[in-house]
């Protein structure tokens, strides 16, 4: 009886749920331009292009540190050849 009373009370005080609609800003899903294939293959699995475009501007040396962190700390599967090219490509896409 107590269990039935508790269930009825819980049902009575449970707020009504309703669906809401939200609008998210448009975001590029892929990089475009020079080195787009390199950036899309290595970055967009975890990051949107906006993440790069709206970061404080960094030079290739700072991007090299970020690429190193992604590989070593987060175990991003970036091949050595791509890791060597990514810093310049990231700096260039920010400069556009």
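Here, each number is a calculation from the coordinates, and none is a lab measurement. All values reported here derive from a predicted model rather than from experimental measurement. Methodologically, a virtual Cβ is constructed for each residue, glycine included, from the backbone with ideal geometry; neighbour enumeration extends over all protein chains shown.
To the nearest ten degrees, helix 60-72 and the longest principal axis of the Cα atoms of the chain are 50 degrees apart.
Taking label points 7 Å from Cα along the Cα-to-Cβ direction, residue 28 and residue 94 give a separation of 1.5 nm. Taking label points 7 Å from Cα along the Cα-to-Cβ direction, residue 62 and residue 6 give a separation of 5.7 nm.
Mean separation of Cα pairs under 8 Å and 6 or more residues apart, divided by the residue count, gives the stretch 16-96 a relative contact order of 32 percent.
Taking square-rooted eigenvalues a ≥ b ≥ c of the alpha carbon gyration tensor, is the stretch 27-95 rounded, prolate or oblate, where a/c under 1.5 means rounded and, failing that, a/b exceeding b/c means prolate? It is rounded, given that a/c, with a ≥ b ≥ c, falls under 1.5. Between residue 17 and residue 36, the contour length at 0.36 nm per residue exceeds the alpha carbon distance by 2.5 nm.
Rounded to the nearest 500, what is the chain's calculated 222 nm mean residue ellipticity when only DSSP H runs of at least 4 contribute -39500 (n - 2.57) each, over all residues? Per the formula, -16500 deg cm²/dmol.
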